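Participant: Could you have a look at this structure, given as structure tokens, before my questions?
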Amino acid sequence: MRFTKTATAVAGFVSAALIVTGCGSSGGQGTELAGSWEEIVAAATDEGSVTIYSNHAPANLEALKSAFETEYPGISLNYVRGTDSDLIPRVEVENQTGNGVADVHMTTDAGWIHRSLDSGGLSSVVVAPAIDDPAYRAEDGVLDDTFFVTSATSIGLAWNTGYVPDGLGSPEELLDPRFDGKVGVVNPAGFPAVVHIYRRMDIDYGEGFVDRLAGVNPRIYGSAPAITQALASGEIWAAPGASMDVLAERDKGAPVDFALPANPIGIPFYSHILSAAPNPNAGQVLADFMLTPEGQAALSKNYIAALPGIAGTGVEGSEVVAQDIDLADPESLDATAVEEYVAAWEQRFLG
């Protein structure tokens, strides 16, 4: 992990459809970061709004918005929710043109994160005081003073409790002929993180697992939320790579359940404050809030939090925090490698 301790003398410095909530900025372009943290908070209030681009769960982003605006009633939080393939090009165009809309960007695209760190220029140094809290473990969660881990998700085993009343104990059980045509998987096209998951399945679930999975004629879906919906409806009975969103549906009363296998596969969400941010002070305030217990409780519900002991996060009995989830090897996620894997996957699963 690339880490250099954030230079915070913080006491003194500091294609899926998009879901857009109240976008727009009162701060305009060209504002600068203030001096002390107190001055940054005051300047953020003058800016009046902050916008985050994120591929996180919509319910969690809405919870973050509510919690943040309660803590900072003078600053409106707007979020644009989309996939990495939707949002990353927007971030790059805004940076190139200097016409920023987003102040903060959250992503799970490990390859892009590493490329951004190598090229520089996209991100501002994060000076949020919460990063210096020992509980946050900045030495494991901050990359080059700019990208900071905000939560993580782990894919796991999920099932419809009506059709699989005894649950699942291991991925191998899904290869039983009784699941023929009743297993759901996500097409990795457009999702480097999903390519990483399939590669890890062949390591952590057993050599050749993905090829054998194709043998049970799984149904193909375009996203993890679609898998969750199909499980809840009974369209499919089980999934080997379901997201932790299944826990939220279970809590709402859906007939689904979720468990982490012996070797869980995780994906961290990293955030950064954009150098083209029209509201750089508000961006710092949002970054700080996301790393507080209140921010983590909102952002990481039914996900893996970046702080220990946050109620409603993670999987019962697990002490894993987001800093324990490593980024994927960037060399395995360059554009050519991803395209080649997707082509081979589609040949196996779609014929």
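Participant: Of the residues in region 108-158, how many are out of contact with any strand residue (DSSP E or B) (no Cβ under 6 Å at 6 or more places or on another chain) and surrounded by 24 or more Cβ atoms within 10 Å (Cβ to Cβ)?
Facilitator: The number of residues fulfilling the criteria is 4.
Participant: Restrict the check to region 234-250 and report whether at least one residue is touching a Lys or Arg at 6+ places or on another chain (Cβ under 8 Å), closer than 15 Å to THR153 by Cβ and not in a loop (DSSP other than H, G, I, E, B). Show your work before the answer.
Facilitator: Within region 234-250, the first condition is being touching a Lys or Arg at 6+ places or on another chain (Cβ under 8 Å), and the residues that meet it are 235-238, 248.
Next, from what is left, pick out any that are closer than 15 Å to THR153 by Cβ: 248.
Then drop every residue that is not not in a loop (DSSP other than H, G, I, E, B), which leaves 248.
Checked against the condition, which is being touching a Lys or Arg at 6+ places or on another chain (Cβ under 8 Å), closer than 15 Å to THR153 by Cβ and not in a loop (DSSP other than H, G, I, E, B), region 234-250 yields at least one hit.
Participant: Continuing with this model, one more query. Can we say GLY169 is modelled with pLDDT under 95 and over 24 Å from the mean Cα position of the chain (by Cα)?
Facilitator: For GLY169, the condition - modelled with pLDDT under 95 and over 24 Å from the mean Cα position of the chain (by Cα) - is met.
Participant: Take the residues in region 188-197 that are open to solvent by 30 Å² or more (accessible area, probe 1.4 Å) and not aliphatic (A, V, I, L, M); name whichever of them is nearest to ASP329 (Cα to Cα).
Facilitator: Checking each candidate, the answer is HIS196.
Participant: Among the residues of region 186-216, what is the count of those that are in contact with a Ser or Thr (Cβ under 9 Å, 6 or more places away or on another chain) and of a type in the set (Lys, Arg)?
Facilitator: Result for region 186-216: 1.
Participant: May I pose another question? Out of region 267-313, which residues are part of a loop (DSSP other than H, G, I, E, B), within 23 Å of ASP251 (Cα to Cα) and open to solvent by 20 Å² or more (accessible area, probe 1.4 Å)?
Facilitator: PRO308, GLY309, ILE310, ALA311, GLY312
Participant: Could you pull out the residue among ARG178, ARG200 that is touching a strand residue (DSSP E or B) at 6+ places or on another chain (Cβ under 9 Å) and open to solvent by 20 Å² or more (accessible area, probe 1.4 Å)? Give the steps one after another, and end with the answer.
Facilitator: Working: ARG178 fails: touching a strand residue (DSSP E or B) at 6+ places or on another chain (Cβ under 9 Å).
The unique qualifying residue is ARG200.
Participant: With respect to GLU39, determine if the residue is open to solvent by 50 Å² or more (accessible area, probe 1.4 Å), modelled with pLDDT of 90 or more, within 21 Å of PHE148 (Cα to Cα) and not in a loop (DSSP other than H, G, I, E, B). It would help to see each step written out before you state the result.
Facilitator: On the way: open to solvent by 50 Å² or more (accessible area, probe 1.4 Å): yes; modelled with pLDDT of 90 or more: yes; within 21 Å of PHE148 (Cα to Cα): no; not in a loop (DSSP other than H, G, I, E, B): yes.
Taking the combined requirement at face value, the residue does not satisfy it.
Participant: A further question on this structure: Here are ILE273, ILE203, ILE267: which of them is within 17 Å of the chain's Cα centre (by Cα) and at pLDDT 90 or above?
Facilitator: Details: ILE203 fails: within 17 Å of the chain's Cα centre (by Cα); ILE267 fails: at pLDDT 90 or above.
Answer to the check: ILE273.
Participant: From the list TYR72, TYR53, TYR79, TYR136, exactly one residue is closer than 24 Å to ALA335 by Cα, modelled with pLDDT of 95 or more and aromatic (Phe, Trp, Tyr). Which is it? Please lay out each step first, then the result.
Facilitator: Values: TYR72 fails: closer than 24 Å to ALA335 by Cα; TYR79 fails: closer than 24 Å to ALA335 by Cα; TYR136 fails: closer than 24 Å to ALA335 by Cα.
When all the criteria are applied, what remains is TYR53.
Participant: Based on this model, can you work out whether VAL101 counts as aliphatic (A, V, I, L, M), open to solvent by 40 Å² or more (accessible area, probe 1.4 Å), assigned to a loop (DSSP other than H, G, I, E, B) and under 20 Å from HIS56 (Cβ atoms)?
Facilitator: Working: aliphatic (A, V, I, L, M): yes; open to solvent by 40 Å² or more (accessible area, probe 1.4 Å): yes; assigned to a loop (DSSP other than H, G, I, E, B): yes; under 20 Å from HIS56 (Cβ atoms): yes.
For VAL101, the condition - aliphatic (A, V, I, L, M), open to solvent by 40 Å² or more (accessible area, probe 1.4 Å), assigned to a loop (DSSP other than H, G, I, E, B) and under 20 Å from HIS56 (Cβ atoms) - is met.
The values are calculated or read from the model by the stated rules, or taken from the named source; none is laboratory data. Worth saying up front: this structure is predicted, and the values here are computed from it rather than measured. Note that each Cβ is placed from the backbone with ideal geometry, even for glycine, and that neighbours are counted across all protein chains shown. We work out accessible area using only protein heavy atoms, side chains counted, and drop any ligands, DNA or RNA first. Shrake-Rupley method; radii C 1.70, N 1.55, O 1.52, S 1.80 Å.
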